[in-house]
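**Student:** Please read through the structure below; I'll follow up with questions.
The values are calculated or read from the model by the stated rules, or taken from the named source; none is laboratory data. Just so it is clear, the structure is predicted and the values come from calculations on it, not from any experiment. Here the Cβ positions follow ideal geometry from the backbone for every residue, glycine too, while neighbour counts run over all protein chains shown. In case anyone asks, the SASA skips ligands and DNA or RNA and just uses the protein heavy atoms, side chains included. Shrake-Rupley method; radii C 1.70, N 1.55, O 1.52, S 1.80 Å.
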Amino acid sequence: MFKRILFPTDFSDGSAAAVPYVADLAANYGAKVYALHVVYDVAKSSGWYLPSVDLETFFSELRASAENGLDDFASDHLGGVADLEKTVVSGLPFEEILKFAREKGVDLIVMGTHGRSGIDRVLFGSTAARVVRGAPCPVMTVRSPAEK
């Protein structure tokens, strides 16, 4: 049933809480897991013009750091997943997650939630909620222990 599972991660406790579900589903269905990290692109989200003088270097360093972070997160949490592909992209998280899901033809998205509230929720919204609304496949959201 599930042959391609997308696991978007921001390396948070919320993401870590979803790992057992990802690993179990991958093992039970023999599924490939795509671990995806999105480097947040503030210029895209705000519509602000940001001079590109050092921006390219800045984003290049952010991407390299994110790739190292994804490698570390995967080795710490996803070592038991037999078929794992790690990818780092930049943009708006919910847009990039949905785009990736469509491009790879994923059967399921498994992601942690953060439980933002108040002004944080107003300013940033919920990536998980946006993914659920726009996903081309089922989405499993997992609350972190701190949210329960």
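**Student:** When segment 77-94 is examined, which residues are found to be over 22 Å from residue 62 (Cα atoms), among the hydrophobic types (A, V, I, L, M, F, W, C) and either open to solvent by 30 Å² or more (accessible area, probe 1.4 Å) or in a helix (DSSP H, G or I) (or both)?
**Tutor:** Listed by number, the residues that qualify are 82, 84.
**Student:** When segment 12-37 is examined, which residues are found to be farther than 15 Å from residue 79 by Cα, in contact with a strand residue (DSSP E or B) (Cβ under 9 Å, 6 or more places away or on another chain) and open to solvent by 50 Å² or more (accessible area, probe 1.4 Å)?
**Tutor:** 13, 29
**Student:** Can you pull out every residue in segment 100-117 that is assigned to a loop (DSSP other than H, G, I, E, B), within 13 Å of residue 4 (Cβ to Cβ) and not β-branched (Val, Ile, Thr)?
**Tutor:** Scanning segment 100-117 gives 105, 107.
**Student:** A follow-up question, please. If you scan segment 5-21, which residues turn out to be of a type in the set (Ser, Thr, Tyr) and more than 9 Å from the chain's Cα centre (by Cα)?
**Tutor:** Within segment 5-21, 12, 21 qualify.
**Student:** Look at segment 110-148 and say how many of its residues are modelled with pLDDT of 75 or more and in contact with a Phe, Trp or Tyr (Cβ under 8 Å, 6 or more places away or on another chain).
**Tutor:** Looking only at that region, the number is 8.
**Student:** Before we move on, is residue 97 open to solvent by less than 70 Å² (accessible area, probe 1.4 Å) and not in a helix (DSSP H, G or I)? Lay out the reasoning, then the answer.
**Tutor:** Numbers: open to solvent by less than 70 Å² (accessible area, probe 1.4 Å): yes; not in a helix (DSSP H, G or I): no.
Considered against the rule, which asks whether it is open to solvent by less than 70 Å² (accessible area, probe 1.4 Å) and not in a helix (DSSP H, G or I), residue 97 comes out as no.
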